[in-house]
Amino acid sequence: MTEKTGEKSELIEKVIKVSRVAKVVKGGRRFSFSALVVVGDGRQRVGYGLGKANEVTEAIRKGVERANKNMKPVVIFEGRTIPHETIGRFGASRVFMRPSTPGSGIIASGAVRAVMEACGIHDVSAKSLGSTNPHNMVKAALDALYRIKSFEEIAARRGVPVEHLTEHMRAS
């Protein structure tokens, strides 16, 4: 077993939406399927993919393949939540995220919840603002996650010690 196939077995795959699409041709309608999939390793890496095919299983497989290629790292605080509030935008969709206390769980809608579970965030509160189209919600949630800066980056930019920034997070 190679390292790459060993890595694939650990990935978390979430199918968010499967759509049946019709193309009208001379003899009637031709149906195909598109699948929106989120893939993460549960340890700070997540990506999404859209697969299209004539069968559902093939569309999901293609979506997972594309999601694997699109995986990017995400900053997580103490392995459970995000370090600070953030807003992600895509199209008419916006997602507002804020850190939560330990044990509060993922408070989010279906598409955003799938993204959080896939990347390994356990405690977060998210609110969708604007359009709730699943495609745009996933892209807005990922935009919000990719915008997050670690406490080390912020402390270095401000010229203050990291403890100064993290003391209020540990108190809650």
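Every residue, every condition in (1) in a loop (DSSP other than H, G, I, E, B); (2) in contact with a Ser or Thr (Cβ under 8 Å, 6 or more places away or on another chain); (3) of a type in the set (Ser, Thr, Tyr); (4) not assigned by TED's automatic domain parsing to the domain that holds Glu153, yes or no:
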residue	(1), (2), (3), (4)
Val37	no, no, no, yes
Tyr48	no, no, yes, yes
Lys52	no, yes, no, yes
Arg61	no, no, no, yes
Asn68	no, no, no, yes
Arg98	no, yes, no, no
Val115	no, no, no, no
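In segment 55-99, what residues are modelled with pLDDT of 90 or more and of a type in the set (Gly, Ala, Ser)?
Within segment 55-99, Ala59, Gly63, Ala67, Gly88, Gly91, Ala92, Ser93 qualify.
Mind checking which residues of segment 117-164 are in contact with a Gly (Cβ under 8 Å, 6 or more places away or on another chain), over 21 Å from Ala35 (Cβ atoms) and of a type in the set (A, V, I, L, M)?
Correct list: Ala144, Leu145.
Would you be able to tell me the number of residues in segment 127-164 that are more than 17 Å from Ala114 (Cα to Cα), assigned to a helix (DSSP H, G or I) and at pLDDT 90 or above?
Here the count works out to 1.
If a residue has to be out of contact with any Phe, Trp or Tyr (no Cβ under 6 Å at 6 or more places or on another chain) and surrounded by 19 or more Cβ atoms within 10 Å (Cβ to Cβ) to count, how many in segment 129-147 make the cut?
6
The values are calculated or read from the model by the stated rules, or taken from the named source; none is laboratory data. Since the structure is predicted, the reported quantities are computational estimates derived from the model, not experimental observations. Because the Cβ atoms are built from the backbone with ideal geometry, glycine has one as well, and the counts that use them run over all protein chains shown.
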